[in-house]
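Student: The structure under discussion is supplied below as structure tokens; questions concerning it will follow.
The values are calculated or read from the model by the stated rules, or taken from the named source; none is laboratory data. Just so we're clear, the structure is a prediction, and the values are computed from it rather than from any experiment. Neighbour counts run over all protein chains shown; Cβ positions are idealised from the backbone, glycine included. The area values use the complete protein model at the heavy-atom level, side chains included, leaving out ligands, DNA and RNA. Shrake-Rupley method; radii C 1.70, N 1.55, O 1.52, S 1.80 Å.
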Amino acid sequence: MNKDRDLELTTRAGDDIAAQEAIDDERVKQQQHAHNGGSLERYINLVSTVNFSFVLQCSWEAAAVTFQFALSNGGPASIVYGSLLAGFGTTLVVTSLAEMASMDPTVGAQYRWSATFAPKWPRFFGLMQGWITVFAWICSCTSNPALISNIITGLAIFNNPDYVPKRWHTTLLMWAITSLPFFANFYFRKLLNPLEAIGAILHVVFFFVSIITLVVLAPRSSPDYVFKTLTHDSGWQQPIVAFGIGLLTVAYPLTGFDGVMHMSDEVKKTRIRVPRSMIFSVVLNAIMQFAFMTTVLFTIGDPAVVAADPLPIIQIYYQATGSKAATNLFVIIICIIIFVSFFNVFASVSRLIWAFSRDNGLPFSKTFAKVHPTLKMPLNALILLGACLCILAIINVGSTTAFNAFISLPALGGYISYFIPILFIFMRRLSTKHPTPIPWGPFRLGKLGPFINFAAMVYILFVLCWLPLPSFRPVDGETMNYAGPIAGFVILFAIGDWCVSGRKRFKVPVLKRGEFE
């Protein structure tokens, strides 16, 4: 009898999920046709969904080309213990958001969830969240071409020491790099799936190749250097502040897991596959990042030589192999993986812009909410994103510090966008007076939910404490961290938009219980 009952429950659960997926498909089509636009095609399968999120983060590669900032802020100890803390904390965050993704798998993600679970003023919080998330992701999209251009510049200096890079060189490189995923997203869209597969293979295989090469060939550091060295050469005398700033080097590469949510209208069986992809990506990338960075610290060689290089990972590979050709090959493969990630980030952000426009969140929303009837993609949103990236790249000509603010801002905006919906679902969980029950999806945290949500918020607040701080002291125009002021400006701009026209224009579709029944 028990087996028959279990079989009946399993069948019923499967039927419920299938029914929810059918409702999702119909709702997506209705929303898209209602907003001038045709519909996006659900073409992303299970393997591609996992690869998309997994490669989009490319955490160990991003940490490999940015860890020089942690060497002077916190040092090796902040990298090792920070990697553990960031991995555990980000897992709490992604688990909380994956539960909401299972309830409501939508391109709008955080701004839709904030509007759904806000105790009051759902449209206000939805619009605020939308502006923060969209701007943060547009800035996040600049990080890939910025990293790639820095790698190219670093290799140019490594192979030609007489080369002196100019700021406008970086801008031109970023323009060229941005043009490739822009055109590929609507001319070669069907090639994105195999490209993601290639990226995922390189992401894993080259991880092991790098570690084995460094372990076998590189000189060894002492365990005391790796686990007990806490530096504060940046001017911050307080060890906890130095550790906190150094933590950002390994915390930021683990963000961006919500990028696959922005593709949810093109993912098959999205309620199951998207949450799994998000969690799988964070857990595996966190493990790989910790393993790789620990290996790097044990095989760093001469720390002074490494720290003096514009791209320290070049010197680590060179000291290990003693070969310029091998060093070039290793760094170029890292560059290729980050480039494949850029394709995913570009596609993800364009869909987020499209969704926010579909809900009248942006000025000229009707234009950017259109889906091209033949290409089956938000072409105008792609053009807007490409234009924004080219404009942001120009800032690098006038001021490197201002452009760095646009690189660090995604972390600040991203963590804020994570915090708000988690806070609201946490409050709804504890509420006993709300008239509408929470419309749980296939993935549910159960009794552990409140504890996981609370721990995730504590971690986010801890990281947010350090994000606005400058990396070096004394603080002047060259060392100032502009991420905080820019984030504040975006929030004030969003409030102004709400007061002027947003409260009349913005109509976010809030999740209703009836959609699941």
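Student: Restricting the first residue to region 356-385 and requiring it to be on the phi > 0 side of the Ramachandran plot, which pairs with a second residue that is open to solvent by 60 Å² or more (accessible area, probe 1.4 Å) meet a Cβ separation below 7 Å and a spacing of at least six or different chains?
Tutor: The qualifying pairs are N360/K507; K376/E41.
Student: While we're here: Got a number for residues in region 226-285 being part of a helix (DSSP H, G or I), hydrophobic (A, V, I, L, M, F, W, C) and over 13 Å from A109 (Cβ atoms)? Don't jump to the end; show me each part of the working.
Tutor: Keep residues of region 226-285 that are part of a helix (DSSP H, G or I), which gives 226-228, 239-254, 257-266, 270-285.
Within this subset, residues satisfying the condition of being hydrophobic (A, V, I, L, M, F, W, C) are 226-227, 240-243, 245, 247-248, 250-251, 254, 257, 260-261, 263, 272, 274, 278-280, 282-284.
From the residues that got through so far, the ones that are over 13 Å from A109 (Cβ atoms) too are 226-227, 240-243, 245, 247-248, 250-251, 254, 272, 279-280, 282-284.
So the answer is 18.
Student: Test of understanding: among S39, S48, which residue is part of a loop (DSSP other than H, G, I, E, B) and either within 26 Å of the chain's Cα centre (by Cα) or modelled with pLDDT of 80 or more (or both)?
Tutor: Details: S48 fails: part of a loop (DSSP other than H, G, I, E, B).
Checking each option against the conditions leaves just S39.
Results for (1) within 18 Å of L147 (Cβ to Cβ); (2) modelled with pLDDT under 90; (3) open to solvent by 10 Å² or more (accessible area, probe 1.4 Å), shown as yes or no for each residue.
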residue: I287; (1), (2), (3): no, no, yes
residue: A291; (1), (2), (3): no, no, yes
residue: F298; (1), (2), (3): no, no, yes
residue: V305; (1), (2), (3): no, yes, yes
residue: D309; (1), (2), (3): yes, yes, yes
residue: I316; (1), (2), (3): yes, no, no
residue: Q319; (1), (2), (3): no, no, yes
residue: I336; (1), (2), (3): yes, no, yes
residue: V340; (1), (2), (3): yes, yes, no
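Student: Of all residues in region 354-368, count the ones that are open to solvent by less than 10 Å² (accessible area, probe 1.4 Å) and in contact with a Phe, Trp or Tyr (Cβ under 6 Å, 6 or more places away or on another chain).
Tutor: Looking only at that region, the number is 2.
Student: So, in region 474-497, of the ones that are assigned to a helix (DSSP H, G or I) and open to solvent by 80 Å² or more (accessible area, probe 1.4 Å), which residue ends up nearest to D233 (Cα to Cα)?
Tutor: Looking only at region 474-497, we keep the residues that are assigned to a helix (DSSP H, G or I), and these are 483-497.
Narrowing further to those that are open to solvent by 80 Å² or more (accessible area, probe 1.4 Å): 489, 492-493.
Details: F489: 31, L492: 35, F493: 37 Å.
It comes out as F489.
Student: Do you know which residues across region 477-500 are touching a residue at least 60 places away in the same chain (Cβ under 8 Å) and either under 18 Å from G126 (Cβ atoms) or in contact with a strand residue (DSSP E or B) (Cβ under 6 Å, 6 or more places away or on another chain) (or both)?
Tutor: V490, I491, F493, A494, I495, D497, W498
To keep it simple, each residue is scored yes or no on (1) buried (at least 24 other Cβ atoms within 10 Å of the Cβ); (2) out of contact with any helix residue (DSSP H, G or I) (no Cβ under 9 Å at 6 or more places or on another chain); (3) outside any helix (DSSP H, G or I).
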{"residue": "L127", "(1), (2), (3)": "yes, no, no"}
{"residue": "W137", "(1), (2), (3)": "yes, no, no"}
{"residue": "N144", "(1), (2), (3)": "yes, no, no"}
{"residue": "I148", "(1), (2), (3)": "no, no, no"}
{"residue": "I152", "(1), (2), (3)": "no, no, no"}
{"residue": "F158", "(1), (2), (3)": "no, no, no"}
{"residue": "P161", "(1), (2), (3)": "no, yes, yes"}
{"residue": "T170", "(1), (2), (3)": "no, no, no"}
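Student: How many residues, within region 70-85, are modelled with pLDDT of 90 or more, closer than 18 Å to S471 by Cα and open to solvent by 10 Å² or more (accessible area, probe 1.4 Å)?
Tutor: 0
Student: Please state which one of A70, A62, A101 is within 22 Å of G154 (Cβ to Cβ) and within 17 Å of the chain's Cα centre (by Cα).
Tutor: Details: A70 fails: within 17 Å of the chain's Cα centre (by Cα); A101 fails: within 22 Å of G154 (Cβ to Cβ).
Being within 22 Å of G154 (Cβ to Cβ) and within 17 Å of the chain's Cα centre (by Cα) holds for just one of A70, A62, A101, which is A62.
Student: Being more than 20 Å from I491 (Cα to Cα), open to solvent by 10 Å² or more (accessible area, probe 1.4 Å), at pLDDT below 90 and of a type outside the set (A, V, I, L, M, F, W, C) is true for just one of P165, P122, P181. Which residue is that?
Tutor: After ruling out the rest, the residue left standing is P165.
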